[in-house]
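Undergrad: One structure follows; several queries about it will come next.
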């Protein structure tokens, strides 16, 4: 594993590259979620990258601008930039691994980000892990007391989900709907649904187009488990992803 | 300017060094920010990133790193057992920064379990000249603290609403007992230690404080409402160690009852920033020779 900054040297992104062992069979970029979901899922995504590397894949985890170790403050975070960051990460992994085809795994908001950049970045396959399909509901989960109505009156940054962000970021979140995932332009898509996440109504799944759909009964890594004050590692969900990406 | 540093015997430990911007005169004291629980080095709500970048603008190089097995660091890199391996990781971090001429004196900052590890590290290495302990996971009680606890319960019991609920049958005794027992078994709740029952631990901590004072190590204790049940008044820690000389001159206590454990409100984060910067500036900028480090050297930066 090697950790480094990459991309624009004035606005660097933090990344962790998990190199494969003797077998080198592909490359995967992993896109995380936002806020506390990012923090709690960090461990699970690290284990995912490690397991992918054990199965012969280069895996790159990275932080979006304004998140984690990457450049930028919370107020500078925006989804358009994160889509662009993901494209930069895909290019970085192409350069490191020598593989022209790069797959993407996106968790929660990362599923949306991965979908949005897939066509332009010429992504191979796409894994949407518990994608956020209802932005309004998700905003409520992230910040239960947040008044959506007050957004229109806000001129400057606002407190949201335990950080100060731009109101535009919250508005982008609110606009997330199944249509946001339409036509990613990749060869195949896996939608991985955790049973305990509440389930995806069937009509919403159809909106995503042709895909493989798997349901797992496992822990939600982006939620805090009070026994450890962190996120659990959902081994069954990780196995499904690793096996699916391991198919020829 | 930030750089990734992989350090430790097999370079399996990972941290991010934030150096003062070029042109800023850097202090010869660097700040180490350690993990809280199993949250990786960014800190919950990105608290550590924010603090590191702020302190760097004030001339303090900051190094946020992951303990073995947490965040991006490999497990089993140094030491055996959690406390020993975390102290060993902190020592390895200091070796790396010293070797790169970043600093030779250090302040360790930690929240929750990180506060305890900061204290352990400060006791273990003479290069550590200060420690910031935010909501430590264990505190010793005092006589006045125990009285405060009783008075708090009495005040709750005397509230008219409590009696009204009892009289009208709306007070659920079973729920009340369940709440108390849940609170007692909550793994995240701080532990209340009693100097008479936990005698050996109290003696060990008293000796540790005495030793830190002799080494002139500066200490800052920050308490939020998460810890009010185990730390109920400003002077509790001084009263817990009545025979430790000069504790008051060495250890500053700052309480913020409005803040939660993770400083989720911006006003509380600003308070935390100001407390740490103010405390550091009050001594670290005064007794350290300020040296201009244009860019500094970056140890094995990736």
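The values are calculated or read from the model by the stated rules, or taken from the named source; none is laboratory data. Just so you know, these numbers come straight off a predicted model, no measurement behind them. Counting neighbours? That spans all protein chains shown, and the Cβs are built from the backbone with ideal geometry, glycine included.
Undergrad: Among the listed residues B:260, B:287, identify the single one that is at pLDDT below 95 and more than 14 Å from chain A (Cβ to nearest Cβ). Quick ask: steps written out before the conclusion?
TA: Details: B:260 fails: more than 14 Å from chain A (Cβ to nearest Cβ).
Just a single option satisfies the conditions, and that option is B:287.
Undergrad: Answer yes if at least one residue in segment B:32-39 is touching a residue at least 60 places away in the same chain (Cβ under 8 Å), away from every other protein chain (no Cβ under 13 Å), crowded, with 23+ Cβ neighbours inside 10 Å and under 23 Å from the mean Cα position of the chain (by Cα), and no otherwise.
TA: Let us first name the residues in segment B:32-39 that are touching a residue at least 60 places away in the same chain (Cβ under 8 Å), namely B:32-37.
Checking the rest, the ones that are also away from every other protein chain (no Cβ under 13 Å) come to B:32, B:34.
When the remaining residues are screened for being crowded, with 23+ Cβ neighbours inside 10 Å, the result is B:32, B:34.
Of the ones still in play, those that are also under 23 Å from the mean Cα position of the chain (by Cα) are B:32, B:34.
Within segment B:32-39 (the criterion being touching a residue at least 60 places away in the same chain (Cβ under 8 Å), away from every other protein chain (no Cβ under 13 Å), crowded, with 23+ Cβ neighbours inside 10 Å and under 23 Å from the mean Cα position of the chain (by Cα)), the answer is yes, since at least one residue qualifies.
Undergrad: Still on this structure: Scanning for something touching a strand residue (DSSP E or B) at 6+ places or on another chain (Cβ under 9 Å), modelled with pLDDT of 95 or more and under 29 Å from residue A:23 (Cα atoms), does segment A:74-82 turn up at least one residue?
TA: No, segment A:74-82 has no match at all.
Undergrad: Just checking, how many residues over segment A:109-167 are over 20 Å from residue A:191 (Cα atoms), assigned to a loop (DSSP other than H, G, I, E, B) and in contact with a strand residue (DSSP E or B) (Cβ under 7 Å, 6 or more places away or on another chain)?
TA: 3
Undergrad: Could you please let me know if residue B:209 is in contact with a strand residue (DSSP E or B) (Cβ under 6 Å, 6 or more places away or on another chain), surrounded by 13 or more Cβ atoms within 10 Å (Cβ to Cβ), modelled with pLDDT of 95 or more and in a helix (DSSP H, G or I)? I'd like the intermediate steps shown before the answer.
TA: On the way: in contact with a strand residue (DSSP E or B) (Cβ under 6 Å, 6 or more places away or on another chain): no; surrounded by 13 or more Cβ atoms within 10 Å (Cβ to Cβ): yes; modelled with pLDDT of 95 or more: yes; in a helix (DSSP H, G or I): yes.
So residue B:209 does not fit the description; no.
Yes/no per residue for (1) touching a strand residue (DSSP E or B) at 6+ places or on another chain (Cβ under 8 Å); (2) closer than 22 Å to residue B:46 by Cα:
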{"position": "A:5", "(1), (2)": "yes, yes"}
{"position": "A:10", "(1), (2)": "no, yes"}
{"position": "A:22", "(1), (2)": "no, no"}
{"position": "A:46", "(1), (2)": "yes, yes"}
{"position": "A:50", "(1), (2)": "yes, no"}
{"position": "A:69", "(1), (2)": "yes, yes"}
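Undergrad: Does at least one position in segment A:84-104 carry a residue that is at pLDDT 95 or above, more than 21 Å from residue A:52 (Cα to Cα) and in contact with a helix residue (DSSP H, G or I) (Cβ under 9 Å, 6 or more places away or on another chain)?
TA: yes
Undergrad: Can you give me the number of residues within segment A:170-194 that are surrounded by 20 or more Cβ atoms within 10 Å (Cβ to Cβ) and assigned to a helix (DSSP H, G or I)?
TA: Residues in segment A:170-194 being surrounded by 20 or more Cβ atoms within 10 Å (Cβ to Cβ) and assigned to a helix (DSSP H, G or I): 3 in total.
Undergrad: Taking segment B:230-275 only, how many residues are assigned to a loop (DSSP other than H, G, I, E, B), more than 27 Å from residue B:150 (Cα to Cα) and within 15 Å of the chain's Cα centre (by Cα)?
TA: So the count comes out to 2.
Undergrad: Residue check, residue B:169 against (1) at negative phi; (2) at pLDDT 65 or above; (3) surrounded by fewer than 12 Cβ atoms within 10 Å (Cβ to Cβ), all met but one. Which one?
TA: That leaves (1) as the condition not met.
Undergrad: How many residues does segment A:53-68 hold that are within 17 Å of residue B:15 (Cβ to Cβ) and in contact (Cβ under 8 Å) with a residue 60 or more places away in the chain?
TA: Number of matching residues: 0.
Undergrad: Return yes or no: is residue B:22 within 14 Å of chain A (Cβ to nearest Cβ), over 15 Å from the mean Cα position of the chain (by Cα) and more than 29 Å from residue A:160 (Cα to Cα)? It would help to see each step written out before you state the result.
TA: On the way: within 14 Å of chain A (Cβ to nearest Cβ): yes; over 15 Å from the mean Cα position of the chain (by Cα): yes; more than 29 Å from residue A:160 (Cα to Cα): yes.
The answer is yes for residue B:22.
Undergrad: Under the condition of being surrounded by fewer than 20 Cβ atoms within 10 Å (Cβ to Cβ) and within 14 Å of another protein chain (Cβ to nearest Cβ), which residue from segment A:224-248 is nearest to residue A:125 (Cα to Cα)?
TA: My answer is A:233.
Undergrad: Run down B:177, B:147 and say which single residue is in a helix (DSSP H, G or I), modelled with pLDDT under 85 and over 25 Å from the mean Cα position of the chain (by Cα). Write out each step before concluding.
TA: Values: B:147 fails: modelled with pLDDT under 85.
Going through B:177, B:147 in turn, just one is in a helix (DSSP H, G or I), modelled with pLDDT under 85 and over 25 Å from the mean Cα position of the chain (by Cα): B:177.
Undergrad: Taking segment B:40-52 as the region of interest, how many residues are within 8 Å of another protein chain (Cβ to nearest Cβ) and in contact with a strand residue (DSSP E or B) (Cβ under 8 Å, 6 or more places away or on another chain)?
TA: Looking only at that region, the number is 6.
Undergrad: Can you tell which of B:60, B:65 is within 12 Å of chain A (Cβ to nearest Cβ) and at pLDDT 95 or above?
TA: Values: B:60 fails: within 12 Å of chain A (Cβ to nearest Cβ).
Exactly one of B:60, B:65 is within 12 Å of chain A (Cβ to nearest Cβ) and at pLDDT 95 or above, namely B:65.
Undergrad: Quickly run through segment B:5-19 and pick out the residues that are more than 21 Å from residue B:52 (Cα to Cα) and facing another protein chain (nearest Cβ under 10 Å).
TA: Taking segment B:5-19 and keeping what is more than 21 Å from residue B:52 (Cα to Cα), we get B:8-12.
B:11, B:12, listed by residue number.
Undergrad: Another question, if that's okay. Condition test on residue B:159, is it closer than 27 Å to residue A:162 by Cβ and either more than 14 Å from every other protein chain (Cβ to nearest Cβ) or at pLDDT 95 or above (or both)?
TA: Working: closer than 27 Å to residue A:162 by Cβ: no; either more than 14 Å from every other protein chain (Cβ to nearest Cβ) or at pLDDT 95 or above (or both): yes.
Taking the combined requirement at face value, the residue does not satisfy it.
Undergrad: Has segment A:12-29 got at least one residue that is within 14 Å of chain B (Cβ to nearest Cβ) and under 24 Å from residue A:135 (Cα atoms)?
TA: Checked segment A:12-29: no residue is within 14 Å of chain B (Cβ to nearest Cβ) and under 24 Å from residue A:135 (Cα atoms).
Undergrad: Are any of the residues in segment B:74-86 crowded, with 24+ Cβ neighbours inside 10 Å and not in a loop (DSSP other than H, G, I, E, B)?
TA: Yes, segment B:74-86 contains at least one residue that is crowded, with 24+ Cβ neighbours inside 10 Å and not in a loop (DSSP other than H, G, I, E, B).
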